[in-house]
Amino acid sequence: MKPFLTVFLLSLTSASFAQTTPVKKTATTLNEVVVTANKSPSLTVPSLQQKKEQLAKTIPGGAGVVDAEEYKRGRASTLKDALDFAPGVFVQSRFGAEESRLSIRGSGIQRTFHGRGLWLMQDGMPLNLADGGFDMQAIEPLGTNHIEVYRGANALQYGGTTLGGAINFISNTGHTASPFQARFEIGSFNTRRAQISSGFVSGNTDVYASITSSQTDGFRDYSEQESLRIFANIGTKISANLENRFYLTWVDSKSQLPGSLTKAQFEANPQQANAGSIALRQRRDYQLLRLANKLTYSDGDNTLAFSLFWSWKDLDHPIFQVIDQLSNDLGFDLRYDGRNHLLGLDNDLTIGVNYMYGNAEDDRFANVGGQRGARLAQNRLQSMNLNFYFQDQLHLTDTLSLIFGSSVTYANRDLNEETLFGLNNTDRQEFWGFSPKLGLLWEVTPKAQVYFNASRSFEPPSFGELTAIGAGFPSLVALKPQTATTLEIGTRGEAERVAWDFSYYYAWLDDELLTLGVPGNATLTSNAGRTIHQGIEFALNADLVRNLTTASQDNYDRLVLRQNFLWNDFRFARDARWGDRMLPGIPPFYYRAEMLYEHPCGFYFGPNVEWSPHKFAADLARTTFADPYALLGLKLGYRTKKGVSFFVEARNITDENYSPTTGVVQNATVAGSTAVFLPGDGRAFYAGIEFKW
């Protein structure tokens, strides 16, 4: 913890010095200046500045916005690249790939693939399948303008009810994108990535389109990845108050899966692949077609938005079996936002309903060297979610607001299974959830807030937890939905040279969905008893020095320190078998920082560090641990709004052998469960160039 405390104190000292240095004041008569928000020309897509101001003034809890311009200053290939400095977000790639362990507040804590526990959205519309699972491959960081992160119950305004919250990827439009843009990246492990995009406005219509292609051999053996992504949207202003926007997404992603290693294999050669993964030619090949449409009416004080979305997904997934899955998911969201009065006080109301239905044909075959062998199962999976939600903000004073709301959710899961064993297991499970929320938001200054909230979360199991297809078990495992009661207190804001985002939360979970295992199947999901998730989410950015080579008070160079710190304490609570031991899979401490010199001309340069200072268990029995690690990186570049930009980046300069994430098993010393380590990338170098006109 000492390095973290050192940079933290350095930040506060610098800020304090900046505020206490005497400045000679002289009387000056100034002309009146009227400041207005940078309003978006689109009714369906708010501007980055609008969203920052809205989150600061309406969310009584952890929430923030990531400007895509920040992560585009380096390699921008994965969710980790995009979300590494988002407060409260823990994201670690499995093997430098798109699939990651993506978690907020311990959501989906045991998932390193096909995530759950979060509401993943694009432009306010869900990317999750109807059963709650989501695919990381559906996201293209280079096609994004900014990312909204709502931690925990702060996602209620989008109908989110899960423990983790929601992440909303906001696309570029013809208003925000350059008429022509091209970007090329190259790097270690034979990495190549290219994007071409265009955005323009013609009369009442704006158009944006992006095509991205990438390929890499990967750090590890048998870890090649390639993808093609097409994103486009067309917005039409039907009138001054009415806009329609149509979205198109196409993704074609292919990934080899090198698998996990034992501790001995990991220490001897982290680049090797699991022999079983190679023998079975394990892969995850994925195609996605997604169409969506949003119609928005707004008169300034009242906004009504109606969204429709449909996705078609084709998954070819040879692992222990060959999974051949074809799914169709569709749904809608109807949402009203209004500014009015209640009890003589200013009042902001959000009310909405969303519906999702999914149908999947899930066929299983014996894996014969990566090819389909005998059919083992033929399944039809259906899921449905219906969610009513509302949130109200009552302005008690000019600076104090009361926020309350709730959601009511109904979900069902249907499975029809036929196997070679003569089983015909047709089953259906239904779930009801009520998720209230109450919070207070105090604006200490126009740029700083203090908040508190209490909330209830609800998460029905996805098919990944419910099914044990072809294993001789009942078709749907009897599971309860995961629920939690969470208390949160924190503050965010900026003052002089410092900006911060701090949250402390404490959650009591009931029936957490964990891989506790049962006799005959050690990987089957079960409901745990009471578990506790608590933690600190802390980001602190500070201008340590300004005007090193400049003299302007408005257009200055600076030395800026960006920091992101997580404390994760996730554990059982007096469990009959596991006592109070910590849950495996996520480190208790995580620190990410970079110190950059930035010049107003667009030049930047500086080091960065990723530090996990404490070992963490890879199994429930706590017999096997991932070791602490520290990674050093370096970044240099030049970025401009128009013309030529470039970057050069070095990662893991010391070539550290580390495992940023692991699989999770009951006992990693038991035969068949010892391979749990997922090595991180070794020393790597990347460079990119971008053209904008």
key: Filtered residues of segment 348-369 (kept if aromatic (Phe, Trp, Tyr) and touching a Phe, Trp or Tyr at 6+ places or on another chain (Cβ under 6 Å))   = Tyr355
inquiry  = So, Glu537, is that one more than 30 Å from Lys437 (Cβ to Cβ) and in contact (Cβ under 8 Å) with a residue 40 or more places away in the chain or not?
reply    = no
ask   = Quick one: Thr640 ticks every box in (1) within 30 Å of Gly108 (Cβ to Cβ); (2) over 26 Å from the mean Cα position of the chain (by Cα) bar one, so which box is it?
value = (1)
ask   = Restricted to segment 655-665, and to residues that are among the polar types (S, T, N, Q) and touching a strand residue (DSSP E or B) at 6+ places or on another chain (Cβ under 6 Å), which residue is surrounded by the fewest Cβ atoms within 10 Å (Cβ to Cβ)?
value = Ser659
message = Filter segment 93-106 down to the residues that are of a type outside the set (Val, Ile, Thr) and within 11 Å of the chain's Cα centre (by Cα) and list them by number.
response = Ser100, Arg101, Leu102, Ser103
remark   = Looking across segment 355-411 at residues that are outside any strand (DSSP E or B) and of a type outside the set (S, T, N, Q), the single one that is surrounded by the fewest Cβ atoms within 10 Å (Cβ to Cβ) is Asp398
ask   = Identify, please: which residue in segment 576-592 is surrounded by 16 or more Cβ atoms within 10 Å (Cβ to Cβ) and over 19 Å from Ser100 (Cα atoms) and is, among those, modelled with the lowest pLDDT?
value = Trp578
ask   = Looking at (1) within 22 Å of Asp655 (Cα to Cα); (2) in a strand (DSSP E or B); (3) more than 23 Å from the chain's Cα centre (by Cα), which is the one condition that is false for His614?
value = (2)
note = Considering only strands (runs of 3 or more DSSP E) wholly within segment 138-187, the ones with at least 2 residues that are in contact (Cβ under 8 Å) with a residue 40 or more places away in the chain and within 21 Å of the chain's Cα centre (by Cα) are 144-151, 165-171
message = Being over 13 Å from Gly96 (Cα atoms), part of a loop (DSSP other than H, G, I, E, B) and either in contact (Cβ under 8 Å) with a residue 40 or more places away in the chain or of a type in the set (Lys, Arg) (or both) is the filter here; which residues of segment 200-241 pass it?
response = Asn241
query = Would a scan of segment 556-568 turn up a residue that is surrounded by fewer than 18 Cβ atoms within 10 Å (Cβ to Cβ) and part of a loop (DSSP other than H, G, I, E, B)?
reply = yes
query = When segment 608-640 is examined, which residues are found to be out of contact with any Ser or Thr (no Cβ under 8 Å at 6 or more places or on another chain) and among the basic types (Lys, Arg)?
reply = Lys615, Arg622, Lys635
query = Can you find a residue in segment 638-650 that is within 30 Å of Asp511 (Cβ to Cβ), buried (at least 21 other Cβ atoms within 10 Å of the Cβ) and at pLDDT 95 or above?
reply = no
ask   = Limited to segment 602-620, what total is found for residues that are surrounded by fewer than 17 Cβ atoms within 10 Å (Cβ to Cβ) and either modelled with pLDDT under 95 or aliphatic (A, V, I, L, M) (or both)?
value = 1
key: Candidates Asp543, Asp501 - the one that is out of contact with any helix residue (DSSP H, G or I) (no Cβ under 9 Å at 6 or more places or on another chain), surrounded by 18 or more Cβ atoms within 10 Å (Cβ to Cβ), at pLDDT 95 or above and under 19 Å from Phe565 (Cα atoms)   = Asp501
note = Scanning segment 67-89 residue by residue, those in a strand (DSSP E or B) and crowded, with 24+ Cβ neighbours inside 10 Å turn out to be Val89
task = Taking the options Leu304, Leu289, Leu280, name whichever one is touching a Pro at 6+ places or on another chain (Cβ under 7 Å) and either within 19 Å of Ser673 (Cβ to Cβ) or hydrophobic (A, V, I, L, M, F, W, C) (or both).
result = Leu280
ask   = How many of the residues in segment 596-611 are more than 24 Å from the chain's Cα centre (by Cα) and not in a loop (DSSP other than H, G, I, E, B)?
value = 8
key: Condition broken by Arg183, with the remaining ones in (1) surrounded by 22 or more Cβ atoms within 10 Å (Cβ to Cβ); (2) in contact with an Asp or Glu (Cβ under 6 Å, 6 or more places away or on another chain) satisfied   = (1)
message = Checking the conditions here, which among Arg562, Arg530, Arg492, Arg558 is modelled with pLDDT under 95 and in contact with a Phe, Trp or Tyr (Cβ under 8 Å, 6 or more places away or on another chain)?
response = Arg530
query = Hey, does segment 278-300 have a residue that's at pLDDT 95 or above, over 24 Å from Thr191 (Cα atoms), surrounded by fewer than 16 Cβ atoms within 10 Å (Cβ to Cβ) and more than 28 Å from the chain's Cα centre (by Cα)?
reply = yes
query = Hey, among the residues in segment 251-268 that are in contact (Cβ under 8 Å) with a residue 40 or more places away in the chain and assigned to a strand (DSSP E or B), which one's nearest to Asn172 (Cα to Cα)?
reply = Val251
query = Of all residues in segment 111-128, which are of a type in the set (S, T, N, Q) and surrounded by fewer than 23 Cβ atoms within 10 Å (Cβ to Cβ)?
reply = Thr112
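The values are calculated or read from the model by the stated rules, or taken from the named source; none is laboratory data. Just so we're clear, the structure is a prediction, and the values are computed from it rather than from any experiment. With ideal geometry, Cβ positions are generated from the backbone for all residues, glycine too; neighbour counts draw on all protein chains shown.
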